[in-house]
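Down below is the structure, laid out as C-alpha cells.
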C-alpha cells in the first residue's frame, strides 16, 4: 500500500476518533494523530483487525486505556454488517436484563454526547427549602463507586484523593536522641562530657527514644477485575509516596513489579507514564499466591522491617488447584508474620450481602489482621483514620470500618 497520508472522509473520521478519545480521558495529541495517520498507510484498510491494531499501537500508551480504546473503536468505526443483524439481536435480548456496560462505557457515552450545555430549566417562583437533610455534591462523590464514575467525576475524585494525608501513628525505634527533659539517663554522654571537664561530672545528660512512622508497603492487584480500582488507587499511592518517606509500592497480575521509584516523581502524569512502561500485565490474569510468595522471598526483608504496615489490595479471586491455594495460604501467613499490620483492602466489600464464596477469599480471610472495603473516597478516608490511630484489637479477617 502507498505511504500517502489518508485523505477525504478517512482523515476526517480519524480526526473525529481522536477527539472522542481525548474527551474520554486518553492523552491524545497531534503527535499521536500523525502517527495514527501514518500507520493507516502501512496496512490493508479492508482488514478491520489490522486497522484496530495499528491505531491501538500508536494512540494508546497505557495498559489501562486498552479496554476503553477497544470499546471506542467499536462505537466509532461501526461494523457495516451490524445493521443487518440488529433485528435478530433485538429479538434475542427480549426479556433479558441489560448487559453490564464495559469499563469506561459511561465516559464514552459522555464523549459521544459532545460538550453541549444542558438546556436551562424553566423559571420557577422562589421558595425556601430546608437543606439540612440534602446531600452535597462532594458527599455524593465521596459515596460513589469508582467503577460507576464518569470522566468528570473521576477527575474530581483524583483531585480529592491527592489531598488525603496519611499520618501513620509513630512507633518507638531502637535509637535515642539527646533531650534535656528525656526520661532516660545517658551515662555514656555524661562521661564523655566529664572527660572534657577534667573528670568532673557537672551535669547529667538525658535522652529520649526516637519515634517515627513505620514503613508502608502497598501490594496492588492489577488484573482485569481490579483494573478500574487500581487506576484510581494509584493516585492515592502516588500522593502518599510524595508526602512521606519509607513507602514501597508493588503491582502484580501474572508477575510482580516494583514501582516505588517511578511513583516518587512529583508529576503524576509523568509517574504513571513511567509505570505503564514497567508493567506488562495490566488487565490480564492474576496469580496472587505466586506474587506474594515472590514478594516474601525477594523483598520481604528489605521493606518489612521496623513494624511495617502492609496494604494488600485485591479482590482475592485466585483461580487454581489445591497446590495453588496451599501456596497462597503459606505466602499470606508468612506475610502476616513479617509485618505489624496486614490490611486487606477488597472492593467486593461494597456489596452489603458479601459472602466469602471464592476459594481464594476463604483461604486468605483468616490470615489477615483486617479486611476493609476500598471502592470509593469515603472508604479511603476511613482507611486514613484507621492508619492514623493504634491498631484495633479484633479477630483476624473480620470486616471492619469503611462504607459499603
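The values are calculated or read from the model by the stated rules, or taken from the named source; none is laboratory data. As the structure is a prediction and not an experimental result, all values here were calculated from the model. Note that we place each Cβ from the backbone using ideal geometry, even for glycine, and neighbour counts take in every protein chain shown.
Of the set (1) within 14 Å of residue 61 (Cα to Cα); (2) in a helix (DSSP H, G or I), all apply to residue 282 but (2). Here the condition is being assigned to a helix (DSSP H, G or I), touching a strand residue (DSSP E or B) at 6+ places or on another chain (Cβ under 8 Å) and at pLDDT 85 or above; of 335, 328, it holds for 335 alone.
Checked against (1) closer than 16 Å to residue 254 by Cα; (2) not in a loop (DSSP other than H, G, I, E, B), residue 318 passes all but a single condition, namely (2). Are any of the residues in region 213-232 free of Cβ contacts under 8 Å to residues at least 40 places away in the same chain and in contact with a helix residue (DSSP H, G or I) (Cβ under 8 Å, 6 or more places away or on another chain)? Scanning region 213-232 turns up no residue that is free of Cβ contacts under 8 Å to residues at least 40 places away in the same chain and in contact with a helix residue (DSSP H, G or I) (Cβ under 8 Å, 6 or more places away or on another chain).
Of all residues in region 285-314, those being part of a loop (DSSP other than H, G, I, E, B) and surrounded by fewer than 21 Cβ atoms within 10 Å (Cβ to Cβ) number 6.
Among the residues of region 188-230, just one is part of a helix (DSSP H, G or I), assigned by TED's automatic domain parsing to the domain that holds residue 375 and surrounded by fewer than 21 Cβ atoms within 10 Å (Cβ to Cβ), namely 227. Residues in region 16-54 that are exposed (fewer than 14 other Cβ atoms within 10 Å of the Cβ), under 31 Å from the mean Cα position of the chain (by Cα) and not in a helix (DSSP H, G or I): 29 alone. Quick one: would you say residue 288 is touching a residue at least 60 places away in the same chain (Cβ under 8 Å) and either under 26 Å from residue 151 (Cβ atoms) or not assigned by TED's automatic domain parsing to the domain that holds residue 354 (or both)? No, not satisfied.
When only residues in region 232-265 that are in a loop (DSSP other than H, G, I, E, B) and at pLDDT 85 or above count, which is surrounded by the most Cβ atoms within 10 Å (Cβ to Cβ)? This residue is 253.
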